[in-house]
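Here the structure comes first, spelled out in structure tokens, and everything after it is commentary.
The values are calculated or read from the model by the stated rules, or taken from the named source; none is laboratory data. The structure displayed is predicted, hence computed values, not measured ones. Glycine also receives a Cβ, built like all others from the backbone with ideal geometry; neighbour counts cover every protein chain displayed. Note: accessible area is taken over every heavy atom of the protein model, side chains too, but ligands, DNA and RNA are not part of it. Shrake-Rupley method; radii C 1.70, N 1.55, O 1.52, S 1.80 Å.
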Amino acid sequence: MADDSRGAPKPHTLSLHQLGVLCGLAAGAWLGAAEAPTKLVVLGYSPFLISLGMVLGVFVARWTLPMALKGTTYVFRDLREKPHLIPWAILAGALWAVANTLTVFAIRDIGLSVAFPLWNTNSLVGLFWGWLLFGELRGAGRGQWAKVLGGAVAIVAGACLLGLATAHGSGAASPRTTAGIAAALGAGLLWGTMYIPYRKAYISGVNPLSFVTIFTVGELVTVGTLAVVFTGGWTPFLGELGHLRPALFWLFLGGFCWVVGDLFQQYAAKYIGIARGIPLSNTNQLWGLAWGALVFGELAGQGGFYQLLVVGGSIVMIGGAIAISRAEAPASERASWKVAMMRECRRYGLDAARVEAAVLGEDPLAAEVSSRPWWEWIIIAAAIGVFAWLAIGAQRQTLSMNPLWSAVLVVATLAALVGSAAALWRRTRFS
């Protein structure tokens, strides 16, 4: 990893750092869009059921997208080579599920545009774990440290501004406001810790598409358990789930958007590390603010001071994230990354040369897996059928939305997908 010659880009392709930055930005767009359907919580739906509805969509998408891009033979063989990552992936999924449920409570209590920057303090948590456990920033120069630490201070300052804006906008710190802030910050802590399995996976050479298929097991089991327990048992749970049926399509769609964003985030974590990749994906704050303020009108009717704090806090936080992401890892720091990689290889008996090739964007397993079973296409068709069935029964919800801004944000999000996916395919073939 100290020698980038094997991973050098071909002409007209991006370097791994540039690719990681692009994936982080695309992740921000799709992770921001994924939170829009959670606004259904203001209509009285249970936060646990909303989280479950999203996770059901996540579960379907996490199995079908990797299958469509790489195939089940590739995915299962990749996991058999690194079986130690399976419990780590399940743990990461469980942390994600609890954090996602907390975000629904936060949106209900303090709104999407305010909750977003508070839970994006996961940047600080991820940065700390990246430094402590995986050698990130070890050997980096003062310039890189200044960007990373300066960005971290900016993120904290932005979160404080948003917290102050929340208290000002509500007139007083009500119990619900306090609970909303606590839920958003708790989600940030859990998501930041979730990145430990991410980084552990990618310095072991696993493909992100393989990792997320196991990741979703922890998500579904955890959020399903939460939903059943906190709705009072199976009978009330099934009754409320039936009540949610007309809105389930929108939650499935939110889950699908989350999977796309998370996949880009996984690639960013793989190629530029969690200390840099996660803050960059936290540009979803801009998208969350856009959806909350422009589409749902969350800032309408608020005083100028309130709006100034929200916008100013968001800008400060994103400025911090950008500063962190621009601290490209020098060769001396990459040598520390390689030390962490070799530690994993020794601990789990991995082929170091094969792992290093995967870390540098190559795909040694792809050459060994050529055939794809015909029944994969049946599973993909079944997943599409689930979405079609939910769409047929979907009903328009009574949320106030701006159709023009909705269309603008959808087009921009799709453009981020097409551009980033094309660059990722050209550079690494989704390795």
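Before moving on, here are some points about what is shown:
- Pairs with Cβ under 9 Å, 6+ apart, first in the stretch 108-137 and closer than 16 Å to residue 186 by Cβ, second among the hydroxyl-bearing types (Ser, Thr, Tyr) and surrounded by fewer than 24 Cβ atoms within 10 Å (Cβ to Cβ): 109/174; 109/177; 109/178; 110/170; 110/177; 122/193; 125/193; 126/193
- Selection count, the stretch 374-421, where residues are outside any helix (DSSP H, G or I) and within 23 Å of residue 42 (Cβ to Cβ): 10
- First in the stretch 260-282 and farther than 15 Å from residue 134 by Cα, second anywhere and open to solvent by 10 Å² or more (accessible area, probe 1.4 Å) and aromatic (Phe, Trp, Tyr), Cβ under 6 Å, 6 or more apart: 260/30; 261/30
- Summed over the stretch 22-47, the residues that are open to solvent by less than 40 Å² (accessible area, probe 1.4 Å), at pLDDT 80 or above and aliphatic (A, V, I, L, M) give a count of 8.
- Test result for residue 346, farther than 25 Å from residue 118 by Cα, modelled with pLDDT of 85 or more and not aromatic (Phe, Trp, Tyr): yes
- From 85, 124, residue being more than 20 Å from residue 45 (Cβ to Cβ) and surrounded by fewer than 24 Cβ atoms within 10 Å (Cβ to Cβ): 124
- Test result for residue 334, open to solvent by 70 Å² or more (accessible area, probe 1.4 Å) and either part of a helix (DSSP H, G or I) or of a type in the set (S, T, N, Q) (or both): no
- For residue 211, the criteria (1) crowded, with 23+ Cβ neighbours inside 10 Å; (2) modelled with pLDDT under 85 hold in every case but one, which is (2).
- Only one of 309, 294 that is under 22 Å from residue 410 (Cα atoms), touching a residue at least 40 places away in the same chain (Cβ under 8 Å) and assigned to a helix (DSSP H, G or I): 294
- Filtered residues of the stretch 48-65 (kept if over 16 Å from the mean Cα position of the chain (by Cα) and surrounded by 23 or more Cβ atoms within 10 Å (Cβ to Cβ)): 49, 50, 52, 53
- Beta carbons closer than 9 Å, at least 6 apart along the sequence or on distinct chains, pair a first residue in the stretch 389-418 that is within 19 Å of residue 57 (Cβ to Cβ) with a second that is outside any helix (DSSP H, G or I) for 399/296.
- Qualifying residue in the stretch 312-330 (condition: polar (S, T, N, Q), within 22 Å of residue 144 (Cβ to Cβ), open to solvent by 30 Å² or more (accessible area, probe 1.4 Å) and assigned to a helix (DSSP H, G or I)): no
- Consider the stretch 363-373 and keep the residues that are among the charged types (D, E, K, R) and either assigned to a helix (DSSP H, G or I) or open to solvent by 40 Å² or more (accessible area, probe 1.4 Å) (or both). The one that is farthest from residue 57 (Cα to Cα) is 368.
- From 360, 350, residue being surrounded by 16 or more Cβ atoms within 10 Å (Cβ to Cβ), closer than 25 Å to residue 204 by Cα and touching a Gly at 6+ places or on another chain (Cβ under 6 Å): 360
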